[in-house]
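Take a look at the structure set out below.
The values are calculated or read from the model by the stated rules, or taken from the named source; none is laboratory data. Everything numeric here is computed off the predicted structure, so don't read it as measured data. For neighbour counting, all protein chains shown are included, and Cβ atoms are generated from backbone atoms with ideal geometry for every residue, glycine included. Remember, those area values only see protein heavy atoms, side chains included, never the ligands or the DNA or RNA. Shrake-Rupley method; radii C 1.70, N 1.55, O 1.52, S 1.80 Å.
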Amino acid sequence: MTLESSNLIGSRTSKAGANGQRDVLTRLRTDIVSSVFEPETRLKFADMTKRYDVGIGTLREALSQLASEGFVTVEAGKGFKVAPVSASELIEITDHFIAFEKRAVREAIAYGGEDWETNIVAVHHRLSLIEGLPWERRMERHSEWVERHREFHEAIVSACQGKWLFRLRSIMFDQLDRYRFVTKRAPDGLGGRKFEEHRDIMTATLDRDADLASNLIEQHIRDTSEQAIKLL
């Protein structure tokens, strides 16, 4: 084997390992956010290496990354477990997310073009197909709703120019998603109203009304957080 061939194989192996690590990180974060692993659940390596089909080293790296993001805690001699939830933490996360999101939507409205507008309309339509269903049907498609809901809010701010601004609001969005599981089985006053709120946010954004769009987003997020606090 030539040195060039050896380097090529090594490069491919390295990329495969990195892709595997990113894949398990994404899957594990999603499982925590969607409450497959509920708050304070102990994460056992024996079970998780089978679930994600990865080695302990890759899993440990993913868990360490999630610990730095606040999704997981580490206890000396006891390993990893899902971070707890609390009303005080939700209030703080909500305040940070709203601050980032309002800045991001203002930037997006200032810089977004026709492709940005078209994408907003498309992802809102996909979201509305689920949000317009009766509550029992929405619950059957809850995992799809979670993904489409994320796509919608990302589409609204996707034209914002600040890379770190977008990254920080995304971290806060993931943290807020952890708390949405509390409200997902409480249909009264949530389903129909959220459908209307998403439509109004889209309309204000496409109208380039930054003040109205940012105010609607704040009301939208605070309402969901207040419902979660009552149910914690």
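Given a 1.4 Å probe and the protein chains as shown, Met48 ends up with an accessible area of around 10 Å². Between Met139 and Glu61, the simple label model (points 7 Å from Cα in the Cβ direction) yields a spacing of 4.1 nm.
Helix 114-131 and the longest principal axis of the C-alpha atoms of the chain enclose an angle of approximately 90°. Highest mobility in the GNM of the chain, judged by mean-square fluctuation with C-alpha springs under 10 Å and restricted to Ala122, Ala76, Ala108, is found for Ala76. With respect to the chain, whose longest principal axis is taken over its alpha-carbon atoms, helix 87-111 is tilted by about 70°.
Positive-end ranking of Ser143, Ile130, Ser170 along the dipole of region 127-171, with charges on Cβ about the Cα centre, is headed by Ser170.
Highest mean packing comes first when the peptides 65-73, 154-162 are listed by Cβ atoms within 10 Å, giving 154-162, 65-73. Using the Cα coordinates of the chain, the gyration tensor eigenvalues translate into equivalent-ellipsoid semi-axes of 34, 24, 17 Å, sorted from longest to shortest. Axis of helix 3-33 versus longest Cα principal axis of the chain: the two differ by about 50°, to the nearest ten degrees. Each principal axis of the Cα cloud of region 49-100 was taken in turn, and the coordinate range along them, longest first, works out to 39, 24, 17 Å. Residues whose amide H comes within less than 5 Å of that of Val72, counting only those at least five positions distant or on another chain, are Ala67, Ala83 (H built at 1.01 Å from N in the peptide plane).
Amide H to amide H, with H built 1.01 Å from N, Leu43 comes under 5 Å of Phe80, Lys81, Val82, counting only residues 5 or more places away or on other chains. Note on Asp53 and Asp115: with the Förster distance fixed at 41 Å, the Cβ-Cβ geometry gives a FRET efficiency of about 0.65. A 1.4 Å probe run over the protein chains yields, for region 52-155, 51 Å² of accessible area per residue, whole-number rounding. Rounded to the nearest whole Hz, the Karplus-based 3J(HN,Hα) values (6.51 cos²θ - 1.76 cosθ + 1.60, θ = phi - 60°) of region 47-64 follow the sequence 6, 7, 5, 6, 4, 9, 6, 9, x, 4, x, 5, 5, 5, 5, 5, 5, 5, with x at glycine and proline. The 3J(HN,Hα) values that the Karplus relation (6.51, -1.76, 1.60; θ = phi - 60°) gives for region 145-158 are, in residue order, 4, 4, 5, 5, 5, 4, 4, 5, 5, 5, 4, 4, 9, 5 Hz. Gly and Pro appear as x.
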